[in-house]
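**Student:** My structure is below; once you've seen it, I'll send some questions.
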Amino acid sequence: MVKPVKNFLSALDVDNVPDIIQEALTLKADPWRYENLGRRRTLGLIFFNPSLRTRLSTQKAAQQLGMNILTINVQQDGWTLEMEDGAMMNAGKTEHIKEAAGVFAQYCDIIAVRCFPELLDRQYDYQETVLNKIIKYSGKPVISLESATLHPLQSLADVITIEEHKKVKKPKIVLSWAPHFKALPQAVANSFAQWMQYIDCEFVITHPKGYNLHPVFAGNAKIIHDQNQAFEDADFVYVKNWSSYENYGQVLCEDPSWRITAEKMALTKTGNFMHCLPVRRNFKVEDAVLDSAGSLVLQQAHNRVYSAQVVLKRILESQYG
Ligand code: SN0
């Protein structure tokens, strides 16, 4: 029996990761098998930030379960939202999150939300202030489409992709930092590291000094500061930039020698390269790597459909079955 799921916010909301991977692969083999499960149920997609894969794959997953979909880009189309309880709204923000989340709840059976961190106040971001207010004031099941600290649907798609492509029982998986000129969230890296704790693998993280992830997510990953050494004999290299957690939200290193090249990938066992996308070609990763046979980026994007579909299926069954 699968434990009932209401919210899907992190790996902690899944009782058995290998089982959910297998269930997702079963859906991939027969995507329309449950096409009536979500009939007359509505999924609301709420975006505070841009999206390509997340929006389309989640919509497709919901369609394959027979659901209706409502989507809003809050920053472009919505009223400006006040997040602070007790605020005197005599200027600036138009509508309070209490009403906005309550209104979503009137129209939707499941709410999925993307709310990136502001990268200004570590405590505000790491308490998942925005996500938790939506959960509290909507009362509906909530799925994270990348919150301030985690991106669980991406990580689930990543572990599905690893399961499909691994050649050994316990692969060596390397999470590598790569340069970016902008401050990006830690969410994808935190989340990938968190999910690695639930699959059989040797997990290594390589990053410049000053880029340690929050220890709760890094777990007991081996940290190697020499990127070439970390890549040796890897079965999978997962690349992501993130801004510093310790010096919160700062870009401490722009060293181009951290860029992912074909030469570096040749140190690995398989040349298997992973990235959640979007990716800055040639700044962060060379064309030769993204265009190589070992690049799994489109397979990862494909599996976003089944990571969303298995999560929606489980929530529909446990909340509305
Ligand atoms: C987001 C991130 O969390 O890093 C979303 C990844 C799925 N990525 C970006 O914001 C990239 C922005 C850029 O300018 O390259």
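The values are calculated or read from the model by the stated rules, or taken from the named source; none is laboratory data. All figures in this text were calculated on a predicted structure; none of them were measured in a lab. Don't worry about glycine lacking a Cβ; one is built from the backbone with ideal geometry, like all the others, and counts go over all protein chains shown. When the accessible area is computed, the model is the full protein with side chains, heavy atoms only, and any ligands, DNA or RNA have been set aside. Shrake-Rupley method; radii C 1.70, N 1.55, O 1.52, S 1.80 Å.
**Student:** Kindly state which helices (runs of 4 or more DSSP H) lie completely within segment 84-164 and contain at least 2 residues that are more than 23 Å from Glu246 (Cα to Cα). Quick ask: steps written out before the conclusion?
**Tutor:** Numbers: elements: 97-107, 122-126, 129-138.
Here the list reads 97-107, 129-138.
**Student:** If a residue must be open to solvent by 30 Å² or more (accessible area, probe 1.4 Å) and either at pLDDT 95 or above or closer than 30 Å to Leu316 by Cβ (or both), how many such residues does segment 88-103 contain? Walk me through how you get there before you give the answer.
**Tutor:** First pass over segment 88-103, keeping only residues open to solvent by 30 Å² or more (accessible area, probe 1.4 Å): 88-95, 98-99, 103.
Filter once more, so that each one left must be either at pLDDT 95 or above or closer than 30 Å to Leu316 by Cβ (or both): 88-90, 93-95, 98-99, 103.
The qualifying residues number 9.
**Student:** If you take the residues in segment 104-121 that are surrounded by fewer than 17 Cβ atoms within 10 Å (Cβ to Cβ) and away from the ligand (no atom under 16 Å from the Cβ), which one is farthest from Leu45 (Cα to Cα)? Working first, answer last.
**Tutor:** Just the residues of segment 104-121 that are surrounded by fewer than 17 Cβ atoms within 10 Å (Cβ to Cβ), to begin with: 105-107, 118, 120-121.
Checking the rest, the ones that are also away from the ligand (no atom under 16 Å from the Cβ) come to 105-107, 121.
Details: Ala105: 12, Gln106: 14, Tyr107: 11, Asp121: 26 Å.
Ranking the candidates gives Asp121 first.
**Student:** Moving to a separate point now. Say we look at segment 49-72 and pick out the residues that are buried (at least 21 other Cβ atoms within 10 Å of the Cβ) and small (Gly, Ala, Ser); which of these is nearest to the ligand (Cβ to nearest atom)?
**Tutor:** Step by step, filter segment 49-72, then rank; the result is Ser57.
**Student:** Same structure again: Checking Phe231 against (1) surrounded by 19 or more Cβ atoms within 10 Å (Cβ to Cβ); (2) within 25 Å of Asp19 (Cα to Cα); (3) more than 16 Å from the ligand (Cβ to nearest atom), which single condition isn't satisfied?
**Tutor:** Of everything listed in (1) surrounded by 19 or more Cβ atoms within 10 Å (Cβ to Cβ); (2) within 25 Å of Asp19 (Cα to Cα); (3) more than 16 Å from the ligand (Cβ to nearest atom), Phe231 misses just condition (2).
**Student:** Still on this structure, please answer the following. Scan segment 264-285 residue by residue and report those that are within 16 Å of the ligand (Cβ to nearest atom) and either part of a loop (DSSP other than H, G, I, E, B) or more than 19 Å from the chain's Cα centre (by Cα) (or both).
**Tutor:** His275, Cys276, Leu277, Pro278, Val279, Arg280, Arg281, Asn282, Phe283, Lys284, Val285
**Student:** Same structure, new question: Only one of (1) open to solvent by less than 20 Å² (accessible area, probe 1.4 Å); (2) within 15 Å of the ligand (Cβ to nearest atom) fails for Val174. Which number is that?
**Tutor:** Result: Val174 fails condition (2) only.
**Student:** What tally of residues in segment 133-152 results from selecting those that are away from the ligand (no atom under 16 Å from the Cβ) and of a type in the set (Gly, Ala, Ser)? Full working, then the answer.
**Tutor:** As a first pass, look at segment 133-152 and keep what is away from the ligand (no atom under 16 Å from the Cβ): 133-142.
Then keep just the ones that are of a type in the set (Gly, Ala, Ser); that gives 138-139.
Counting residues in segment 133-152 that are away from the ligand (no atom under 16 Å from the Cβ) and of a type in the set (Gly, Ala, Ser) gives 2.
**Student:** Among the candidates Met265, Met274, single out the residue that is open to solvent by less than 10 Å² (accessible area, probe 1.4 Å) and at pLDDT 95 or above. Break it down stepwise before answering.
**Tutor:** Working: Met265 fails: open to solvent by less than 10 Å² (accessible area, probe 1.4 Å).
After applying the criteria, what remains is Met274.
**Student:** Right, something else. Scanning segment 23-41 for residues that are in contact (Cβ under 8 Å) with a residue 40 or more places away in the chain and out of contact with any Leu (no Cβ under 6 Å at 6 or more places or on another chain), which turns out most open to solvent (accessible area, probe 1.4 Å)?
**Tutor:** Within segment 23-41, the subset in contact (Cβ under 8 Å) with a residue 40 or more places away in the chain is 23-25, 27-28, 31, 34, 37-38, 41.
Of the ones still in play, those that are also out of contact with any Leu (no Cβ under 6 Å at 6 or more places or on another chain) are 23-25, 27-28, 31, 41.
Values: Glu23: 39, Ala24: 1, Leu25: 41, Leu27: 5, Lys28: 56, Pro31: 29, Arg41: 72 Å².
Once the filter is applied, the top-ranked residue is Arg41.
**Student:** For residues in segment 288-321 being assigned to a helix (DSSP H, G or I) and of a type in the set (Ser, Thr, Tyr), which is farthest from Leu153 (Cα to Cα)? Write out each step before concluding.
**Tutor:** So the first thing to find is which residues in segment 288-321 are assigned to a helix (DSSP H, G or I), and the list is 288-290, 297-320.
Add one more test, that the residue is of a type in the set (Ser, Thr, Tyr), and what stays is 306-307, 318, 320.
On the way: Tyr306: 9, Ser307: 6, Ser318: 18, Tyr320: 21 Å.
So, considering only residues that are assigned to a helix (DSSP H, G or I) and of a type in the set (Ser, Thr, Tyr), the one farthest from Leu153 (Cα to Cα) is Tyr320.
**Student:** Could you check, for segment 282-290, whether at least one of its residues is touching a Leu at 6+ places or on another chain (Cβ under 7 Å) and either open to solvent by less than 70 Å² (accessible area, probe 1.4 Å) or over 22 Å from Pro185 (Cα atoms) (or both)? Outline the logic, then answer.
**Tutor:** Restricting attention to segment 282-290, the residues satisfying the condition of being touching a Leu at 6+ places or on another chain (Cβ under 7 Å) are none.
No, segment 282-290 contains no residue that is touching a Leu at 6+ places or on another chain (Cβ under 7 Å) and either open to solvent by less than 70 Å² (accessible area, probe 1.4 Å) or over 22 Å from Pro185 (Cα atoms) (or both).
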